[in-house]
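Reviewing the structure listed below.
The values are calculated or read from the model by the stated rules, or taken from the named source; none is laboratory data. No experiment lies behind these values; they were computed from the predicted model shown. No Cβ is skipped: glycine too gets one built from the backbone with ideal geometry, and neighbour counts run over all protein chains shown. Side chains included, ligands, DNA and RNA excluded: accessible areas come from the protein's heavy atoms. Shrake-Rupley method; radii C 1.70, N 1.55, O 1.52, S 1.80 Å.
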Amino acid sequence: MTIDDFSDVFHIGEEIFTAEFSQSLYRTWDEYEITTLFNSDSELCLVAEGEDGSILGFALGTTVTKHNSPWKYGYLVWLGVRKGLQKGQVGQRLFTEIRRRMQEQAVRMIIIDTAADNEGAIRFFKKQGFDNIQEHVYMTLNLSRQARRKTGKKI
């Protein structure tokens, strides 16, 4: 990935990672996701290009080293493929390359997360060898709804 790819990557992500897709996603898609990950570990920010040079998909990752742990972890933060191309091996090729790069960086375990009801992503990652699926509970408190209900009430 180069800086020139940011716009295309951002727009593909906007198509895929919408509020409707995951309303309580603790991590939301925005331009800072790309720039922050690119600035911290550009070697793990990849794009897949078509024959015409267009961006077909992207993978954005980073590594994490925990204090007092001998392990280095890879975190695949975002993997996105342009709609209509999601079953054409683009994601597979992106994952294969990011995995190779993480191995070169001495990563011992790759971590991903996805919504528990994202069956397509779960199938995809199982095909890549991921297992030990653990569900997490994420809770939200929509403050904007509470504020509307309380409008007009004196405190």
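Quick notes
Let's see how each residue does on (1) open to solvent by 10 Å² or more (accessible area, probe 1.4 Å); (2) of a type in the set (S, T, N, Q); (3) part of a helix (DSSP H, G or I):
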| site | (1), (2), (3) |
| --- | --- |
| VAL47 | yes, no, no |
| PHE58 | no, no, no |
| THR62 | yes, yes, no |
| GLY88 | yes, no, no |
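- Pair list, Cβ < 6 Å and 6+ apart or interchain, from the stretch 110-122 residues that are without any contact (Cβ under 8 Å) to a residue 12 or more places away in the chain and open to solvent by 40 Å² or more (accessible area, probe 1.4 Å) to residues that are not in a loop (DSSP other than H, G, I, E, B) and not aromatic (Phe, Trp, Tyr): THR114/ALA121
- Of all the listed residues (VAL77, VAL9), the sole one being open to solvent by less than 70 Å² (accessible area, probe 1.4 Å), farther than 23 Å from LYS127 by Cα and hydrophobic (A, V, I, L, M, F, W, C) is VAL9.
- Any hit, the stretch 26-42, residues being touching a helix residue (DSSP H, G or I) at 6+ places or on another chain (Cβ under 8 Å), in a loop (DSSP other than H, G, I, E, B) and open to solvent by 50 Å² or more (accessible area, probe 1.4 Å): yes
- Some residue of the stretch 14-24 being of a type in the set (A, V, I, L, M, F, W, C), more than 16 Å from the chain's Cα centre (by Cα), within 23 Å of ASP4 (Cα to Cα) and surrounded by fewer than 19 Cβ atoms within 10 Å (Cβ to Cβ): no
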